[in-house]
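Take a look at the structure set out below.
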Amino acid sequence: MDTTGTSRRFTAKGLARYDAVVFLSTTGTPVAERAEQRAFERYIRAGGGYLGVHAASDTRGKWAWYERLVGARFTRHAPGTARATVRVEDRTSAATKPLPAAWARTDEWYEFDRNPRGAAHILATVDESTYEGGTMGADHPIAWCHRYDGGRSVYTAMGHTRESFSEPDFLAHLRGAIEMAAGRARFNCAP
């Protein structure tokens, strides 16, 4: 495992070392140079894995391929952070198996330009009746996975707060999502 704040490692040789790439709250255009984008696209097409966390869906550039890899693009969030209930839909995936069916937690609740249901396998939704300001309605996916362009893609909109990264259930969610993206856990992600 390596970490970097630069996309210079996004070359065929640089990416070949990894089973999965995690975009941890990246925003804007996470890989700006076209040559680096092409290298990442080839990596996914060759069977690579991707995990997007929280702001990884907050893209502002002209990279439609990446937005399709994520599955939906962030548009807004309810004001501040709020305690809400996450409803785990898939109780068998590595990313959700250790979680309670109704998971109460505090986060910044993202909304998207489209509902990924139908194009992605929904792992969990957020129950808008348990917090103020949600506008996606009764079906508000918050974590999902899908096969995309030859590779594996997992996304979770959770992870805004610093406290998330010391929360045992959230860490179990991330660990399972990484295992799925890396091909180390069952990837049953058909819509």
Highest-fluctuation residue, 32, 56, 120 considered, GNM on the chain with Cα pairs under 10 Å: 32
Inter-probe distance in nm under a simple model that places probes 7 Å from Cα toward Cβ, at residue 29 and residue 113: 1.4 nm
Charge dipole (debye, nearest 20) of segment 12-181; +1 at Cβ of Lys and Arg, -1 at Cβ of Asp and Glu: 680 debye
For segment 126-140, Karplus couplings with θ = phi - 60° (6.51, -1.76, 1.60), whole Hz, Gly/Pro x: 9, 7, 5, 6, 9, 8, 9, x, x, 10, 7, x, 5, 10, 10
Helical contribution to [θ] at 222 nm, DSSP H n ≥ 4, -39,500 (n - 2.57), averaged over the chain, rounded to 500: -5500 deg cm²/dmol
Vicinal HN-Hα couplings computed from phi for segment 72-86 (Karplus, 6.51 cos²θ - 1.76 cosθ + 1.60; Hz; Gly/Pro x): 6, 10, 4, 10, 6, 9, 4, x, x, 10, 9, 7, 8, 9, 8
Inverse mean reciprocal Cα-Cα distance (Kirkwood Rh) of segment 12-181, Å: 16.0 Å
Cα long-axis angle, helix 168-181 against the chain (0 to 90 degrees, to the nearest 10): 40 degrees
Residue list for segment 19-48, given a label point 7 angstrom along the Cα-to-Cβ vector of residue 3 and an amide N cut-off under 20 Å: 19-28, 30-31
Distance in nm between pseudo-label sites at residue 18 and residue 87 (7 Å out along the Cβ direction from Cα): 3.4 nm
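Throughout, read-outs are computed from the coordinates displayed, never taken from laboratory work. Note that the coordinates shown come from a computational prediction; the quantities given were computed from them, not determined experimentally. Because the Cβ atoms are built from the backbone with ideal geometry, glycine has one as well, and the counts that use them run over all protein chains shown.
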